[in-house]
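> Take this structure, written in C-alpha cells, and hold onto it; I'll ask about it next.
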Amino acid sequence: MTNRQSFKGRKVTVVEVGPRDGLQNEKAVVSTADKIEFVNRLGAASLPVIEVSAFVSPTWVPQMADAAAVFAGITRRPRTRYTALVPNVAGLDRAMGAGVQEVAVFAASTETFSRKNINQGIDASFDMYKALCDHARSAGVRVRGYLSTAFGCPYEGDVPLETVVAMVDRLLALGVFEVAVSDTIGVAHPGQVSTLLEHVLAHTPVDRLALHFHDTRGTALANVLAALSFEVGTFDASAGGLGGCPYAPGAAGNLATDDLIYMLNGLGIETGVSLPDLSEATRFIASRIDHTLPSRYAAARLANENLRREVRSEK
Ligand code: HMG
Ligand code: MG
C-alpha cells in the first residue's frame, strides 16, 4: 500500500494555511509587513494555494484584523491561488474589496464547537453560509468549505461517521467546490482516517475532498499516508507547523508543510513546491514568533547546518 512505486508520478495539491490557521493562534504579534513577506516567500516556494488571512470579526480574532492590508501588500503570482477565510456576507464583502477571488467558509460537525467558534449553532451557520455562497457565486468568487471537528470535538468527544457524511453533503449542497475535512484537535489516527474515508467516499467523489490535519498527537503525516491510498489529492499544512485554533483548547499547529513536502518528495509524488524555498519561508516566520516551530524537517536542517559548521571549524 505504501511502497514508492504505487505513488510515483501522482500529483498532490498542498494548501498552505500557515498565514491564516498558523498565525491566528500565535501569541506573538506579527507585523503586517512580516505577514506580507511570509506570504511572498511562500509564493516564491511555488505553493499552489496560500490561505493568506481571515476576514472574521477582529474582536474574535485580533491576529487577523489586518487581512485587507496583507492582501494589499502581497505580490500575487499567476500560478498561486491566494485565499481567505470568511464567516459571513460582511466578511465576503471585505474580502472582495481586497481583491480576493477564492474564500472558505467553516462549518462544524458539532453544535458546541460551532457555538464556541462562530457564536451560533450549525443550522444558523448554514443559513449564513447559504447567503454567502449565493452572493459569492453571483460575484464569480469560488468557495471552499471546511468541516471542523470531523474526527473529534474538544467539547463533545467522538463524532458519529454518519454526521460527518451528512455534513460533507450539506456543505457540497451549498455549492462549495471542495470540503476540507478537518481534524481540528489532532486526534485522528490512520485507522480512523481510513474508516472515515470509506464512508465519505461512498457518497462523495474524491476530487471534492481535502484533508486538514492538526498534529497535536504526532499522527498527521501517518494520516496523510493513509489518505493517499484512497487517492485523496489535496492536503492542508502550515509552514513549520505554526498555529492551532483559538476555539479548540490544546490544539497544536497544523501538519508542518515542510515535513509533508519532504515525505511526498520521498514517495515520488509531485507537488511543484520547492522544499529549499519553503524552508527559507519557514525560517523567516520562525524568527518572528516566540517559540520553536514543531517541524521535524526544520529541526533536522538546523542540526545538519550546525554539524557542518563544526566540521568546518575543526579543519
Ligand atoms: P458575533 O459576535 O456573534 O456576531 O460573531 P455579530 O454579527 O454580533 O458581530 C460582532 C461584531 O463583529 C460586530 O461589530 C460586527 O460588525 C463585527 P461591533 O458592532 O461589535 O463593532 N463583524 C465583523 N467584522 C469584520 N469582519 C466580519 C465581521 N462579522 C461581524 N466578517 C462571527 C460572529 C462569526 C462574526 C464571529 O464569531 C467570528 O468572526 N468568528 C470567527 C472565529 C474564527 O475565526 N475562528 C478560527 C477560524 S476556524 C478554524 O481555525 C478551523 C479551521 O482551521 C479548520 C479546523 O482546523 O477545524 C478552518
Ligand atoms: Mg485548522
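The values are calculated or read from the model by the stated rules, or taken from the named source; none is laboratory data. This one's a predicted model, so the numbers in the text were calculated from it and none came from an experiment. We place every Cβ from the backbone using ideal geometry, glycine too, and count neighbours over all the protein chains shown. Only protein heavy atoms, including side chains, enter the accessible area calculation; ligands, DNA and RNA are left aside. Shrake-Rupley method; radii C 1.70, N 1.55, O 1.52, S 1.80 Å.
> Test Ile289 against the criterion of being at pLDDT below 95, open to solvent by less than 50 Å² (accessible area, probe 1.4 Å), more than 16 Å from ligand 2 (Cβ to nearest atom) and not in a strand (DSSP E or B), and give yes or no.
yes
> Turning to a different aspect of this structure: Kindly indicate the residue of the range 13-65 that is open to solvent by 50 Å² or more (accessible area, probe 1.4 Å), among the aliphatic types (A, V, I, L, M) and part of a loop (DSSP other than H, G, I, E, B) and also nearest to ligand 2 (Cβ to nearest atom) among those meeting that condition.
Result: Ala65.
> Here's a follow-up. Using beta carbons and a limit of 8 Å, which pairs, at least six apart or on different chains, have the first residue in the range 72-100 and open to solvent by less than 20 Å² (accessible area, probe 1.4 Å) and the second one within 16 Å of ligand 2 (Cβ to nearest atom) and in a loop (DSSP other than H, G, I, E, B)?
Leu85/Val56; Val86/Val56; Pro87/Val56; Gly91/Val56; Leu92/Val86; Ala95/Val86
> Is at least one residue of the range 225-244 open to solvent by 20 Å² or more (accessible area, probe 1.4 Å), outside any strand (DSSP E or B), away from ligand 2 (no atom under 16 Å from the Cβ) and at pLDDT below 95?
no
> Among residues belonging to the range 135-154 that are away from ligand 2 (no atom under 16 Å from the Cβ) and in contact (Cβ under 8 Å) with a residue 24 or more places away in the chain, point out the one that is surrounded by the fewest Cβ atoms within 10 Å (Cβ to Cβ).
Gly140
> Return a yes/no flag: does the range 159-168 have any residue that is touching a strand residue (DSSP E or B) at 6+ places or on another chain (Cβ under 8 Å), under 27 Å from Ala124 (Cα atoms) and part of a loop (DSSP other than H, G, I, E, B).
Yes.
> Which members of the range 292-315 meet the condition of being part of a loop (DSSP other than H, G, I, E, B), closer than 19 Å to Gly253 by Cβ and either in contact with an Asp or Glu (Cβ under 7 Å, 6 or more places away or on another chain) or open to solvent by 40 Å² or more (accessible area, probe 1.4 Å) (or both)?
Those that are part of a loop (DSSP other than H, G, I, E, B), closer than 19 Å to Gly253 by Cβ and either in contact with an Asp or Glu (Cβ under 7 Å, 6 or more places away or on another chain) or open to solvent by 40 Å² or more (accessible area, probe 1.4 Å) (or both): Thr292, Pro294, Ser295.
> Name the residues in the range 128-149 that are within 21 Å of Val165 (Cβ to Cβ) and not hydroxyl-bearing (Ser, Thr, Tyr), would you?
Answer for the range 128-149, where residues must be within 21 Å of Val165 (Cβ to Cβ) and not hydroxyl-bearing (Ser, Thr, Tyr): Lys130, Cys133, Val143, Arg144, Gly145, Leu147.
> Let me ask you something else. Take Ala210 and decide whether it is more than 20 Å from Lys116 (Cβ to Cβ), touching a Leu at 6+ places or on another chain (Cβ under 6 Å), within 15 Å of ligand 1 (Cβ to nearest atom) and of a type in the set (Gly, Ala, Ser).
Answer is no for this residue.
> Looking at the range 230-244, I want the residues that are within 12 Å of Asp259 (Cβ to Cβ) and have a partner that is among the β-branched types (Val, Ile, Thr) and in a strand (DSSP E or B) with Cβ atoms under 9 Å, at least 6 apart or on another chain. Which pairs are those?
Phe235/Thr13; Phe235/Val14; Phe235/Val15; Ala237/Val14; Ala237/Val15
> Right, something else. Are any of the residues in the range 259-272 open to solvent by 30 Å² or more (accessible area, probe 1.4 Å), in a loop (DSSP other than H, G, I, E, B) and more than 30 Å from Gln120 (Cα to Cα)?
Yes.
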